[in-house]
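Below: the structure, in structure tokens.
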Amino acid sequence: MGFRTVIVSSHSKLEYALNYLVYKTVDEVKRIHIHEIHTLIIESTTVSITSALLAELIKQKVKVIFCDEKRNPSSELIPYYGDSISYQRINEQIKWKENIKHLVWQKIVQEKIKQQAYVLSKKMPDEAIILSNYAKEVELDDATNREGHAAKFYFNRLYGENFSRGSSDKINTFLNYGYTLLLSQFNRYIVAKGYLTQLGIHHKNPFNPFNLSCDLMEPFRPFIDSKVTDLSEDNFKNKLISFLNHPVYIHGKKQTLIHAIQIYCSSIFLALNTGKIECIQFLESYE
């Protein structure tokens with residue numbers, strides 16, 4: 001499993017040679033061993049990349065994210081198949097029971113609201129208590145939409161009464177970039193385990209190829225929310241990327257955020273396959 005997030009942000013050519021990613025510009029040539037790369041972000045539209053390198057990156061399960069002309073993530077490279085037991089995994093996924101999916105979604109929404117309360121608790125303990133009460137009110141499959149009510153209260157307290165998630169301001173730019181990075185990590189792990197990102201447990205948008213990823217990432221959004229207030233426009237992308245290796249606690253142990261996502265997803269799959277909802281592992285704390 002790689003550990004580097006590599007960003008290519010200027011005119012260059014990327015090639016494959018002897019298990020290395022070769023980065024070439026007019027002035028320099030650099031090599032990075034592919035085993036070291038966890039995520040490759042092609043931030044500039046002036047980058048050329050060979051099909052041989054793309055094929056090898058897919059083979060070695062490196063997440064590749066492409067950005068548009070505004071340097072915002074716009075697409076990613078996903079293999080047709082994950083591991084050697086994809087057929088078995090997809091069969092499992094199709095057979096997940098509706099009542100278990102509803103229970104898992106209830107836990108996910110409860111945990112998302114608890115994580116929002118955790119973010120507020122550092123500066124607004126009274127408001128955090130209100131959010132904690134919202135979490136207790138979440139019904140099966142969140143039938144009463146506590147998630148939506150909690151989100152409005154939470155964002156207005158965190159970023160101000162005039163904040164709206166639909167606006168094109170600085171905070172929303174930071175959030176959108178951070179959420180996209182999160183989504184790519186969930187996509188990467190779900191596909192690597194052999195499951196389909198298209199088949200969600202709650203999200204069922206036929207035009208969304210990442211329904212399952214969108215479901216599972218929800219409790220991790222508040223982590224990004226907590227980090228964007230201190231960012232500036234000239235460094236927010238690198239800072240948000242660095243947070244993928246930020247230390248967090250899950251299942252009583254210190255892990256990077258990337259590894260915590262993997263632990264969490266594995267526990268979700270176990271719950272969906274066995275019905276043991278209590279085995280789900282969520283983030284416990286972070287700085």
Prolate/oblate/rounded label for the range 4-77 (Cα gyration tensor, a/c 1.5): oblate
To make sure I understand, if each residue's beta carbon is the centre and we count other beta carbons within 10 Å, what order do Cys279, Cys67 fall in, fewest to most? Cys279, Cys67
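Which semi-axis lengths, in whole Å and largest first, follow from the square roots of five times the eigenvalues of the Cα gyration tensor of the chain?
The three semi-axes for the chain are 33, 24, 16 Å.
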Mind checking the angle between helix 170-192 and the chain's longest principal axis? C-alpha axes, 0 to 90 degrees, to the nearest 10. 80
Between the range 172-219 and the range 121-154, the alpha-carbon center distance in angstrom: 22
For helix 125-136, what angle does its Cα long axis make with the longest principal axis of the chain, in degrees from 0 to 90 and rounded to 10? 80
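Pairs of Cα atoms under 8 Å, at least six residues apart: use those to get the relative contact order of the chain, whole percent.
Computed over the chain, the figure is 14 percent.
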Rounded to the nearest 10 degrees, the helix 257-274 long axis (Cα) sits at an angle to the longest Cα principal axis of the chain of 60
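What value, in deg cm²/dmol to 500, does the helix sum -39500 (n - 2.57) over DSSP H runs of n ≥ 4 give at 222 nm once divided by the residues of the chain?
Helix contribution divided over all residues of the chain: -14500 deg cm²/dmol.
Readers should treat all values here as calculations from the given coordinates under stated rules, not as data from a laboratory. Keep in mind that what you see is a predicted model, and the values were worked out from it rather than measured. Methodologically, a virtual Cβ is constructed for each residue, glycine included, from the backbone with ideal geometry; neighbour enumeration extends over all protein chains shown.
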